[in-house]
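Okay, so here's the structure we're looking at.
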Amino acid sequence: MGRLEGKTTIVTGAARGIGAATARRFVAEGANVLLTDVLVDDGKATAAELGSAARFAEHDVSDETQWPKIVELCEREFGAPSVLVNNAGIGGAHFELLETLSPDLARKILDINVIGVMLGIQAVVPAMAAAGGGSIVNLSSTASVSPMNALAIYSASKSAVSGMTKAAAMELGPRGIRVNSVQPGGADTAMGNAMGVPLEEYSKYQGHTPLQRACHADEIASGVLYLASDESLHCTGTELLIDGGQAAGVWMKTLPGGPPRRKRS
Ligand code: NAD
């Protein structure tokens, strides 16, 4: 019996990266998955890999006119959604000083990362509540609790996701809907590893994290799976950090127990 046996799920931004890894884990654990993304070829290819338990739909999460059609498609193909993973996001690899960041790019990041999550919640709640409840998992970031220079608006967008998650948990708990967030640190995807170097090489940039390595997208999907499944039935409003300890505190080089002087892969 799979950990998501018989559940109907929607995963946004599922053409590649953490979304694709999540869709793969969900199908392996017995769920049906509607994968959505703006990347049509990649999205179709990922869904095709997963067989009859998966469908793909072209979808821009920031467009409120598209969300009702996604929920309708999900109901038609598989039934009412019991899990929504708001994973689609941009901006984590666009490093720029706040002073020079264009308002248009800042608005786009906020539109997709924040408004997209709000629209997703608004779209699924009626069907999810009518079907007896469910689980919404939002992809935030360590940047929400430990913001990064050159990622000011991205960090702000993820703080907004974490805040929205907690407010939604309060509003939706009485209707049987749990809302939690996952905070990845460095995951080996097109966004996290924008240079596209091998994982061992990418891990060399994680010298500031206690575990001293980047992670596979599948390690983030494990956390999403837990929050989506009935194993986390008493969790709502939580933030699950999967970051190799990046946000644990200020790891002082000059004090005993600090980071090793030579980076390890
Ligand atoms: P990724 O770039 O590989 O995947 C993101 C997916 O979202 C892509 O397939 C992209 O086409 C899709 N997308 C972008 N805009 C969209 C839109 N408007 N509508 C629908 N889909 C859209 O990145 P990833 O690393 O897999 O990121 C997944 C989530 O995890 C994001 O929310 C990201 O901010 C978060 N995250 C990632 C890391 C990391 O290190 N990889 C760290 C912290 C947080």
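A few notes on this one:
- Rg followed by Dmax, in Å, when the chain is reduced to its Cα trace: 18.1, 60
- Local net charge near N138, Cβ-Cβ under 13 Å (Lys/Arg +1, Asp/Glu -1): +2
- Net +/- balance of residues flanking S155 in space, Cβ distance below 15 Å, scoring K and R +1, D and E -1: -2
- For the chain, the tally of Lys pairs with Cα-Cα distances below 25 Å comes to 13, considering only residues 8 or more apart or on different chains.
- Cα gyration tensor, the stretch 79-232 - rounded (a/c under 1.5), prolate or oblate: oblate
- Ratio Rg/Rh [Cα only; Rh per Kirkwood] for the stretch 171-265: 1.08
- Estimated FRET transfer efficiency (A131, T238; beta-carbon r; R0 25 Å; 0.05): 0.65
- Based on DSSP H segments of at least four residues, each scored -39500 (n - 2.57), the chain has a per-residue ellipticity at 222 nm of -11000 deg cm²/dmol.
- In terms of the mean number of neighbouring beta-carbon atoms within 10 Å, the peptides 159-168, 96-105, 64-73 order highest first as 159-168, 64-73, 96-105.
- Gyration tensor verdict on the stretch 1-78 (Cα atoms; rounded if a/c is under 1.5, prolate if a/b is larger than b/c, oblate otherwise): oblate
- Full extension of the chain between R76 and A93 yields a length gain of 2.5 nm, computed as 0.36 nm times the residue separation minus the alpha carbon distance.
- Shape of the stretch 212-263, Cα gyration tensor, a/c cut at 1.5: oblate
- Ordering of 132-144, 31-43, 187-199 by packing is 132-144, 31-43, 187-199, highest average first (other Cβ atoms within 10 Å, averaged per residue).
- Considering all C-alpha pairs of the stretch 34-130, those separated by over 24 Å amount to 29%.
- Net charge of Cβ neighbours under 15 Å - reference E5; Lys, Arg +1; Asp, Glu -1: 0
Here, each number is a calculation from the coordinates, and none is a lab measurement. Being a predicted model, the structure only gives us computed values, none of them experimental. Positions of Cβ are backbone-derived with ideal geometry, glycine not excepted, and every protein chain shown enters the neighbour counts.
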